[in-house]
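One structure is given below, encoded as structure tokens.
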Amino acid sequence: MQQMRALCLGGSNDADPDEVNMTPFEKLARSMFDLSGDGGVLKLILHPGIRDVIPKTAAVRVHYNFYLEYSEAPFDSSRLRNERVRLRLGEILPGLEIALCSMRVDELSQFLVLPAYAYGALGCSPRIPSNATLLMEVELLAFFDYSLVDEFYSMTAEERRHVPLEKILLVAAKEREAGNVLFRANQFGPASRKYLKALHLLQDAHLVSEEAEAKLDGSLIKVHLNLALCGLRRCLPCYAFKHASEALRLQPQCIKALVRLGQAHMMQGEFVRAQDCIFRAHLLAPLNSNIIAQLKHVNEKWQQFQKLEKDLYGRMFKSASSAQVAKVASSSHTRGVGLDEASKMIFRKNIQTLHTGGISQMSFPTTMLTACQVEEMSAMATAEGFTAQLLDKGPVNMLKISNVRTPPKPFF
């Protein structure tokens with residue numbers, strides 16, 4: 001609006017006699033060029049875009065501000081809502097469609113749209129009066145051409161079975177591209193749904209040769225990697241683990257899949273497995289700075305966990321005398337004595353860190369515990385809403401206490 005006022009007022013002290021009786025929009029129109037051919041849609045480029053003008057079959061992502069004349073506040077604004085809007089050409093106001101069809105990616109422009117190309121004599125009560133000319137300020141963020149996708153989905157199931165693999169790969173790529181746009185806008189749920197559409201298209205494809213299978217696997221790997229990353233962003237490690245594992249099944253030395261699998265393990269508190277995955281990725285790409293940073297991060301987390309585990313275990317049993325320890329060790333295969341009240345209180349307090357300490361599990365060696373103590377610790381953990389599992393780790397058995405609060409179910 002500041003720019004519009006500057007254009008309307010001008011920078012000269014010499015008033016143009018023709019502008020004396022002009023409205024602000026009429027003055028602004030003098031610096032714009034005609035898009036529609038009849039003066040119904042005028043354009044002024046504020047920031048030029050890149051690449052080609054978008055096709056008429058595209059869906060777009062935009063930011064916009066829409067103004068009425070003499071009004072400094074927009075009557076509609078995606079920027080005020082902080083919401084990137086998705087529009088499909090052919091389903092919007094005629095003036096806005098003409099405007100968008102003249103734009104390129106990253107372009108910012110202003111458009112004056114006469115009533116015949118907007119809301120006409122009816123208006124849109126209460127915000128837009130009858131026969132209102134609109135000022136539209138639009139920034140084109142991204143677009144994707146849906147013509148091929150629309151054509152594919154308009155086919156019957158029988159017709160789709162005869163579609164060549166090359167065309168299916170293109171349709172899946174368009175769906176994945178749409179998911180990438182949503183992902184960059186931090187809309188991870190909608191992005192996952194686009195990736196899943198691409199995945200289902202690829203999984204239903206009919207193969208006729210080994211070459212076709214190789215092409216299909218390449219596309220499937222990309223989609224699985226996208227879905228794994230969405231799972232990580234949404235704090236759904238099991239979902240990320242599933243798709244990263246699928247990508248590794250298709251390509252055992254896929255570096256991105258190894259890293260995302262490692263991140264999923266780390267999110268679950270499986271630090272040793274996380275180290276293994278990320279170290280394998282490091283061996284494949286020893287100079288990759290991101291992988292080096294990930295490896296350092298998981299090592300730090302593992303050291304922190306070991307220290308916390310050691311401190312917790314030490315505090316629990318620090319009051320035991322050496323004679324008691326020896327007695328416990330000699331009776332490790334019998335039920336033996338249980339925990340005293342002080343140890344119970346310390347154990348109960350410490351496992352609460354599974355709720356508040358940012359970890360999902362902790363393990364306790366059972367070599368120095370009686371069977372009765374293990375049972376009591378398991379029962380206390382269960383009463384607090386955790387799961388307890390006795391694991392055979394070779395020479396040392398471990399009691400694993402896990403936080404099993406169910407993560408939110410993904411909306412796909």
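Quick look at the numbers
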| read-out | value |
| --- | --- |
| Filter result for residue 125 (among the hydroxyl-bearing types (Ser, Thr, Tyr) and either touching a Lys or Arg at 6+ places or on another chain (Cβ under 7 Å) or under 30 Å from residue 46 (Cβ atoms) (or both)) | no |
| Whichever residue in segment 22-75 is under 22 Å from residue 105 (Cα atoms) and charged (D, E, K, R) and, among such residues, is farthest from the chain's Cα centre (by Cα) | 34 |
| Hits in segment 205-243 - residues which are basic (Lys, Arg) and farther than 26 Å from residue 278 by Cβ | 215 |
| Those residues of segment 121-148 which are outside any strand (DSSP E or B) and surrounded by fewer than 18 Cβ atoms within 10 Å (Cβ to Cβ), in sequence order | 121, 122, 123, 125, 126, 127, 129, 130, 131, 147, 148 |
| Filter pass, residue 178 being under 17 Å from residue 228 (Cα atoms) and touching a Gly at 6+ places or on another chain (Cβ under 6 Å) | no |
| Lone unmet requirement of (1) among the aliphatic types (A, V, I, L, M); (2) assigned to a loop (DSSP other than H, G, I, E, B); (3) crowded, with 18+ Cβ neighbours inside 10 Å for residue 287 | (3) |
| Members of segment 161-210 found to be farther than 24 Å from residue 143 by Cβ, touching a Leu at 6+ places or on another chain (Cβ under 9 Å) and in contact (Cβ under 8 Å) with a residue 40 or more places away in the chain, listed by number | 165, 205, 206, 207, 208 |
| Qualifying positions in segment 102-132 - touching a Ser or Thr at 6+ places or on another chain (Cβ under 9 Å) and among the polar types (S, T, N, Q) | 102, 109 |
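Yes/no per residue for (1) among the small types (Gly, Ala, Ser); (2) modelled with pLDDT under 85:
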residue: 138; (1), (2): no, no
residue: 148; (1), (2): no, yes
residue: 155; (1), (2): no, yes
residue: 158; (1), (2): no, yes
residue: 172; (1), (2): yes, no
residue: 175; (1), (2): no, no
residue: 194; (1), (2): no, no
residue: 201; (1), (2): no, no
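The values are calculated or read from the model by the stated rules, or taken from the named source; none is laboratory data. Just so it is clear, the structure is predicted and the values come from calculations on it, not from any experiment. All Cβ positions, even for glycine, are placed from backbone atoms using ideal geometry, and neighbour counts span all protein chains on display.
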